[in-house]
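Report on one structure; see the data block that follows.
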Amino acid sequence: MKHMSKEKKEQDYQKKNKKGPHRFQKVNGKKTAKKETVYVGQEETTSEDNFVFGHHATVEALKQGRGNKLFLQEDSRGDKVEELKTIAREQSVPVKWVPKQKLDLLSDRGVHQGVVLAITPYEYLSLEQLLEQTKEKTETPFFVILDSIEDPHNFGSILRTADASGVDGVIIPKHRAVGITPIVTKTSTGAVEHVPIARVTNLVQTVQQLKSENFWVFGTDMEGTNFQTWNAKGSIALVIGNEGKGMSAGLKKEMDELLTIPMTGHVQSLNASVAAGLLMYQAFSQRQGQ
């Protein structure tokens, strides 16, 4: 058998690299999402939620020191591009100019605005770390607990409102829920870098532990107390249920009080991020100057 020439090996390697990301693999006969490998020039980059894109999200991630490499569209110009280059230089983050097609690939066809940042993986807090960190800032924390939120746009919007309304931390489950992804980061417009996020194994046990720390825990439900009469002062935690199923039955049993948002329209439910926003601002308005 003839040995493959060096040139032939190089051609085969280049062809392999041009295939682009492999998005699925078969497990037990079923297609499941697979970690994708992206090639930028001769560089191999693993894309598994380790990118952010869009101007605001990139600026915030750079300022927090999470940037590894900044990819800019090769024909980009203007003040926003200069701002990114300046921050990248201050943070010693290398800048690479690439075609738009490469940014489309890295952002999985997201609205990247000509900028993608490779970042270090997001580091979640434990509940204990969140409690300890929060005690240094306030004696009466306000946490939001998300019970299996699955839509990254909802999660990102909730984080954006949480940052604006003085929420001290967000708690999410490790399983069957969206985590910090590029879409979450972009939708939050960088708020993900400012709102502490704890990820826990069991929400019921988490609520029980918060109660032992003298928290009052409130949930959302169609049958409950009008949220406008809610006493949101003190150390509180607000639970927002899943988009379709609402709050789990086991978690609902642990609530100190259930809250409802009155509606008169034909659709008797609100988007999770909208409902969360109304409740967070209701708490915010009450807690001012407490």
Restricting to the stretch 92-131, name every residue that is open to solvent by less than 50 Å² (accessible area, probe 1.4 Å) and either part of a helix (DSSP H, G or I) or without any contact (Cβ under 8 Å) to a residue 24 or more places away in the chain (or both).
103, 104, 105, 106, 127, 130, 131
Out of the residues in the stretch 166-185 that are within 17 Å of residue 201 (Cα to Cα) and not hydrophobic (A, V, I, L, M, F, W, C), state the one that is surrounded by the fewest Cβ atoms within 10 Å (Cβ to Cβ).
175
Of all residues in the stretch 159-213, count the ones that are part of a loop (DSSP other than H, G, I, E, B), closer than 25 Å to residue 285 by Cβ and of a type outside the set (A, V, I, L, M, F, W, C).
9
Which residues, taken from the stretch 239-262, are in contact with a Ser or Thr (Cβ under 8 Å, 6 or more places away or on another chain) and of a type outside the set (Val, Ile, Thr)?
241, 242, 245, 246, 247, 248, 257, 258, 259
For the stretch 215-255 the number of residues that are open to solvent by 40 Å² or more (accessible area, probe 1.4 Å) and in contact with a Phe, Trp or Tyr (Cβ under 7 Å, 6 or more places away or on another chain) is 0
Scanning the stretch 256-274 for residues that are among the polar types (S, T, N, Q) and either at pLDDT 90 or above or in contact with a strand residue (DSSP E or B) (Cβ under 6 Å, 6 or more places away or on another chain) (or both), which turns out surrounded by the fewest Cβ atoms within 10 Å (Cβ to Cβ)?
260
Just a yes or no: is a residue in the stretch 39-61 more than 27 Å from residue 124 (Cα to Cα), modelled with pLDDT under 80, outside the structural domain of residue 183 (by the TED database) and of a type in the set (S, T, N, Q)?
yes
Of these, 89, 77, which one is of a type outside the set (A, V, I, L, M, F, W, C) and not in a loop (DSSP other than H, G, I, E, B)?
89
Index of the failed condition, residue 176 passing every other in (1) more than 30 Å from residue 62 (Cα to Cα); (2) under 18 Å from the mean Cα position of the chain (by Cα)
(1)
Please state which one of 149, 172, 158 is under 18 Å from residue 238 (Cβ atoms), assigned by the TED database to the domain that holds residue 280 and touching a Phe, Trp or Tyr at 6+ places or on another chain (Cβ under 6 Å).
149
Residues within the stretch 64-78 that are touching a residue at least 40 places away in the same chain (Cβ under 8 Å) and more than 17 Å from the chain's Cα centre (by Cα), tallied:
6
Quick count over the stretch 79-124, residues being modelled with pLDDT under 90, at positive phi and out of contact with any helix residue (DSSP H, G or I) (no Cβ under 7 Å at 6 or more places or on another chain), is 2
Checking residue 128 against (1) on the phi > 0 side of the Ramachandran plot; (2) modelled with pLDDT of 90 or more: exactly one of these is not met. Which one?
(1)
Considering each of 212, 188, 285 in turn, give the residue that is closer than 18 Å to residue 164 by Cα, of a type in the set (Gly, Ala, Ser) and open to solvent by 20 Å² or more (accessible area, probe 1.4 Å).
285
Tally the residues that are modelled with pLDDT under 90 and either within 15 Å of residue 133 (Cβ to Cβ) or within 23 Å of the chain's Cα centre (by Cα) (or both), restricting the search to the stretch 193-223.
2
Surrounded by fewer than 24 Cβ atoms within 10 Å (Cβ to Cβ) and touching a Gly at 6+ places or on another chain (Cβ under 6 Å): which single residue out of 201, 161 fits that description?
161
How many residues are of a type outside the set (Val, Ile, Thr) and surrounded by 19 or more Cβ atoms within 10 Å (Cβ to Cβ) if we restrict to the stretch 132-146?
4
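The values are calculated or read from the model by the stated rules, or taken from the named source; none is laboratory data. Keep in mind that what you see is a predicted model, and the values were worked out from it rather than measured. A quick note on method: Cβ atoms are made from the backbone with ideal geometry, for glycine too, and the neighbour counts reach across all protein chains shown. Surface areas here come from the heavy atoms of the whole protein model, side chains and all, with no ligands, DNA or RNA. Shrake-Rupley method; radii C 1.70, N 1.55, O 1.52, S 1.80 Å.
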